[in-house]
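First the structure, in the form of structure tokens, and then the observations on it.
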Amino acid sequence: MNLNGLVDLHTHTEASVDSTEPAINMCRRALELGLSAYAITDHAECNRWFPIEHYPEAVPNGYDTYDNRQDFERSLAASTELKERFKGKLLVLSGIELGQATHDTASAEKAVSDPRLDIVIGSIHQIRGQDDFAFIKYDQHEADFVPKLLEKNYLELLELARWGKFDVLGHLTYNLRYIEGNYGIKVDMTPYGDIIEEIFKTVIQSGKGIEINTSGLRQNYGKTFPTPEYVKLYRQLGGEILTLGSDAHCAADLGKGIEAGAEIARNAGFRYITYFKERKPEFIKL
Ligand SMILES: [Zn+2]
Ligand SMILES: [Zn+2]
């Protein structure tokens, strides 16, 4: 695989709770793949930014990790150092995947103002009053649980889009990884069409972008987040800023699906793919 000219702008390293890969291994792999730009975007969940004592309502559940500001610091320190170390060989970008920014906008705004950042991905992994999407037992609820959850999810995504202090909105249809991919619950997306259109319009008007997250291609779901028809809709509404990301959590997955993502972008009418340096968009011809 040679991804010369392409980028992978969504990846995780050992500074993320769900990865054990040293960032240096990711950089070496990115170099091997011939990526034009490679961003380290470790998780930092704003609703768990501080130690658990900060959240009197929180019930320890064995899977939520707190004090995410430490992960943020650890990741940025590593990526800033690697950016220097690989200078002239590989464009390493310092990023963050900021989860649930609207649940704690004060912490989110402090985080995104860090001058070391090149790119901020704004994501939602959890909506208010619910577990992280990865840990919900979707088959142990009433039949209307999933439609209600999805409606709240897209409304929270719209709220996030309106907050707007990120560069790209992460994996728009992400929770289908679990709902459809792992639980086999078929989802009718038509009820959320208007909200999704509003999300796109909001992102476009504020000069932000979306990503094609290719992780679903190598998982049970088998498709990108979002699927090609949403990328087309985004383009038709005037969307210009589009990034590609594998969401790799290990070096072996780095760059996976990026060529397929680029093809989806081309088919949707995109002539350029975007990366961010010092929070400013740069365009690469597709
Ligand atoms: Zn994510
Ligand atoms: Zn991610």
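The values are calculated or read from the model by the stated rules, or taken from the named source; none is laboratory data. Keep in mind that this is a model prediction, so the values were computed, not measured. Quick reminder, even Gly has a Cβ in these numbers, built from the backbone with ideal geometry, and neighbours come from all protein chains shown.
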(message) Any residue in the range 118-140 that is away from ligand 2 (no atom under 13 Å from the Cβ) sitting within a Cβ distance under 6 Å of a residue that is of a type in the set (Ser, Thr, Tyr) and at pLDDT 95 or above? List the pairs, counting only those 6 or more apart or interchain.
(response) Asp118/Ser94; Tyr138/Tyr183; Asp139/Tyr183
(message) If I go through the range 121-163 residue by residue, how many of them are in contact with an Asp or Glu (Cβ under 6 Å, 6 or more places away or on another chain) and among the acidic types (Asp, Glu)?
(response) 0
(request) Out of Ala44, Ala15, report the one residue that is under 18 Å from Arg69 (Cβ atoms), surrounded by 15 or more Cβ atoms within 10 Å (Cβ to Cβ), within 16 Å of ligand 1 (Cβ to nearest atom) and more than 15 Å from the chain's Cα centre (by Cα). (result) Ala15
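Taking the range 18-29 on its own, how many of its residues are surrounded by fewer than 21 Cβ atoms within 10 Å (Cβ to Cβ), assigned to a loop (DSSP other than H, G, I, E, B) and more than 14 Å from ligand 1 (Cβ to nearest atom)? So that I can check it myself, show each step before the final result.
In the first step, residues of the range 18-29 are kept if they are surrounded by fewer than 21 Cβ atoms within 10 Å (Cβ to Cβ); the result is 18-20, 22, 24-25, 28.
With the extra rule that they be assigned to a loop (DSSP other than H, G, I, E, B), the set shrinks to 18-20, 22.
Of the ones still in play, those that are also more than 14 Å from ligand 1 (Cβ to nearest atom) are 20, 22.
Residues that pass the stated criteria total 2.
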(request) Residue by residue through the range 199-227, note down the ones that are surrounded by fewer than 17 Cβ atoms within 10 Å (Cβ to Cβ), in a helix (DSSP H, G or I) and more than 17 Å from the chain's Cα centre (by Cα). (result) Lys201, Gln205
(request) Determine if the range 68-89 includes at least one residue that is among the hydroxyl-bearing types (Ser, Thr, Tyr), within 21 Å of the chain's Cα centre (by Cα) and under 20 Å from Gln126 (Cα atoms). (result) no
(request) Note down all Cβ pairs under 8 Å where the first residue falls in the range 49-63 and is exposed (fewer than 10 other Cβ atoms within 10 Å of the Cβ), the second is among the aromatic types (Phe, Trp, Tyr), and they're at least six residues apart or on different chains. (result) Asn61/Phe135
(request) Collect the residues in the range 67-110 that are within 16 Å of ligand 2 (Cβ to nearest atom) and in a strand (DSSP E or B), keeping them in residue-number order. (result) Leu93, Ser94, Gly95, Ile96, Glu97, Leu98, Gly99
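Okay, residues lined up against (1) away from ligand 2 (no atom under 16 Å from the Cβ); (2) closer than 16 Å to Leu233 by Cα:
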site: Gly170; (1), (2): no, no
site: Glu180; (1), (2): yes, no
site: Ile185; (1), (2): yes, no
site: Met189; (1), (2): yes, yes
site: Tyr192; (1), (2): yes, yes
site: Ile196; (1), (2): yes, yes
site: Ile204; (1), (2): yes, yes
(request) Kindly indicate whether Leu150 is under 19 Å from Thr224 (Cβ atoms) and within 17 Å of the chain's Cα centre (by Cα). (result) no
(request) Kindly indicate the residue of the range 64-106 that is more than 22 Å from His249 (Cβ to Cβ) and hydroxyl-bearing (Ser, Thr, Tyr) and also surrounded by the most Cβ atoms within 10 Å (Cβ to Cβ) among those meeting that condition. (result) Thr102
(request) Kindly list the number of the only condition in (1) free of Cβ contacts under 8 Å to residues at least 40 places away in the same chain; (2) within 16 Å of ligand 1 (Cβ to nearest atom); (3) among the small types (Gly, Ala, Ser) that fails for Ala111. (result) (1)
(message) Would you confirm, using the coordinates I've provided, whether Ala78 is away from ligand 1 (no atom under 16 Å from the Cβ), touching a helix residue (DSSP H, G or I) at 6+ places or on another chain (Cβ under 9 Å) and without any contact (Cβ under 8 Å) to a residue 40 or more places away in the chain?
(response) no
